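Input: a single structure, listed below in structure tokens.
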Amino acid sequence: MRTKSLLVIAGIFIFSSCSAPAVPAAPAFNETQPAVLPEPVQDRLISTDTISALAPAVTLQPSTGALNCSWTKDGSAIWVEDFFTVSLYDAAGMDVLAIFEGGEYAAIYDTSADGRTVAYSVDGQEIRLFDIFTQEDRLSFLPGFPYSAVFFSPDDSALGVASLDSIEVILFSAEDGSVQGSLSGFSTAAPVYLAKFSSIGETLIWISRGTVQPMQIGSGELGPSLSHEDFVVAVAISPDGSGIATAAAGTLDGEFQPLVTLWDAFSGEMLWQNGNPDYFGSLDFSPDGSLLAAGSEGEIIFYLVENGQEIFRLNAGSEVVNSLGFSPDNSALLTCQTDGKLTLWKLE
């Protein structure tokens, strides 16, 4: 079962099925590294003043099924994955650098921020870390318990493994597979839960159906419980960790509808809420924390974080934008959709 996609495919908390992907031919693997990108000038950054100038710079069709896409930490490369394949693209030219083909029976869990490693399993028990450049597993280990999710810490030093025996995330070293610690204390009546790290690695976010709750990793202290009327389909944490954005259907102005909500991560206060006719599938904050992008059916909607004002709608076609992300330097936006289309948006 694919666990990472639970937060990015709209409208459900369980995976959607997809047809077999169209996989590009594998390139030669010669340790080619992503290109180093130049620093963008200020007027070429995404902001309230420039956002209307976003246009497709590159559009690809890596698959015929739903995609998940993400930037590497330095923004020089892009991970693109479907249910069977993970590809690493050079962000400068959008050339394929390397491919991992998991096959029909592999569960692909996560990709590393440094653009090198894929976490996966073939049998649902042994966790393997695959070096996409050497095309070899560099580590494999048995957690010793059934699990539902595996995810890298932001610095790639650890793997969080969500236990199915108890509501607990066990931390394993990504270097040698040794146990580094555990995080627990979250409670839910639902047996299905997920967890994810904040981008700076100080907070773990617990998600279970309609409940989201942050935890400070250092102290293990749980923050406020954020309750929703319906399933939470997307969660994003602001760059400074002070805000949590969620997407879930709920009642606004007497109407039950898809909603994006911004919460104060420390007090649990609802800061603002916006509705939409179509369901949301993905969320991401801009690197400076000023904008929130929400992927919906054929659209990306941009909100001002400070007050929730909707400032722009970007036409993305007809399919749900189930994955999106601002580039780390805030010069581009990456979107992936349920029909397998990838678009890199840049300022004209």
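Laboratory data are not the source of any read-out in this text; all were calculated from the coordinates shown. Just so you know, these numbers come straight off a predicted model, no measurement behind them. As a convention, Cβ positions derive from the backbone with ideal geometry for all residues, glycine included, and neighbour counts pool all protein chains shown.
Assigning unit charges at the beta carbon (Lys, Arg +1; Asp, Glu -1) and nothing else, what dipole magnitude in debye, to the nearest 20, does the range 72-144 show about its Cα centre?
It comes to approximately 180 debye.
What share of Cα pairs, in percent, lie more than 28 angstrom apart in the range 76-217?
So the portion of pairs separated by more than 28 Å is 18 percent.
Under 17 Å from a point placed 7 Å out from the Cα of residue 269 along the Cα-to-Cβ direction: which residues of the range 289-308 have their backbone N that close?
Residues passing the 17 Å test: 305-308.
For 69, 336, which order do you get if you count the other beta carbons within 10 Å of each Cβ and list the fewest first?
Lowest to highest Cβ neighbour count: 69, 336.
Based on alpha-carbon centroids, what's the gap between the range 194-235 and the range 300-325 in Å, whole number please?
Measuring centre to centre over Cα atoms gives 22 Å.
For 188, 343, which order do you get if you count the other beta carbons within 10 Å of each Cβ and list the fewest first?
Ascending number of Cβ neighbours within 10 Å: 188, 343.
If you rank 116, 313 by fewest surrounding Cβ atoms within 10 Å, what's the result?
Listed from fewest to most nearby Cβ atoms, that is 313, 116.
Could you bin all the Cα-Cα distances of the chain into 20 Å bins starting at 0 and give me the percent of pairs in each, rounded to whole numbers?
Computed distribution, short to long bins: 32, 61, 7.
Based on the Cβ-Cβ distance of residue 92 and residue 165, what FRET efficiency does E = 1/(1 + (r/R0)^6) give at R0 = 56 Å, to the nearest 0.05?
The calculated FRET efficiency here is 0.80.
Provide the per-residue ³J(HN,Hα) series for the range 119-129, in order, calculated from phi with Karplus coefficients 6.51, -1.76, 1.60 and θ = phi - 60°, each as a whole number of Hz, with x at glycine and proline positions.
Using θ = phi - 60°, the values come out as 8, 8, 8, 9, 10, x, 10, 6, 8, 10, 10 Hz.
Take the alpha carbon gyration tensor of the range 275-348, find the square roots of its eigenvalues, order them as a ≥ b ≥ c, and report rounded if a/c is under 1.5; if not, report prolate when a/b exceeds b/c, else oblate.
oblate
Looking only at 183, 314, 60, which one moves most when the chain is put into a Gaussian network model with springs between Cα atoms under 10 Å?
Among 183, 314, 60, the largest mean-square fluctuation in the Gaussian network model of the chain belongs to 60.
Which net charge results for the neighbourhood of residue 202, defined as the other residues with beta-carbon distances under 12 angstrom from its beta-carbon, given Lys and Arg at +1 and Asp and Glu at -1?
-3
Decide, for the range 236-321, between rounded, prolate and oblate: order the square roots of the alpha carbon gyration tensor eigenvalues as a ≥ b ≥ c, take rounded if a/c falls under 1.5, and otherwise choose prolate if a/b is larger than b/c, else oblate.
Since a/c reaches 1.5 but b/c is at least a/b, the shape of the range 236-321 is classed as oblate.
Would you mind telling me which residue in 289, 218, 281 has the biggest mean-square fluctuation in a Gaussian network model of the chain, where springs connect alpha carbons within a distance under 10 angstrom?
218
Take every Cα pair under 8 Å in the range 102-218 that's 6+ residues apart, average their separations, divide by the length, and report that relative contact order as a whole percent.
Relative CO of the range 102-218 lands at 14 percent.
Per-residue HN-Hα couplings for the range 221-227, Karplus 6.51 cos²θ - 1.76 cosθ + 1.60 at θ = phi - 60°, whole Hz, x for Gly and Pro?
6, 7, x, x, 8, 9, 9
Can you give me the distance in nm between label points at residue 178 and residue 140, each placed 7 Å from the Cα along the Cα-to-Cβ direction?
Output for this residue pair reads 2.2 nm.
Which of the GluC sites (Glu not before Pro) found in the range 244-341 are in a DSSP loop and have at most 15 neighbouring Cβ atoms, other than their own, within 10 Å?
269, 306
Which residue fluctuates most in the GNM of the chain (Cα springs below 10 Å): 239, 328, 277?
Among 239, 328, 277, the largest mean-square fluctuation in the Gaussian network model of the chain belongs to 277.
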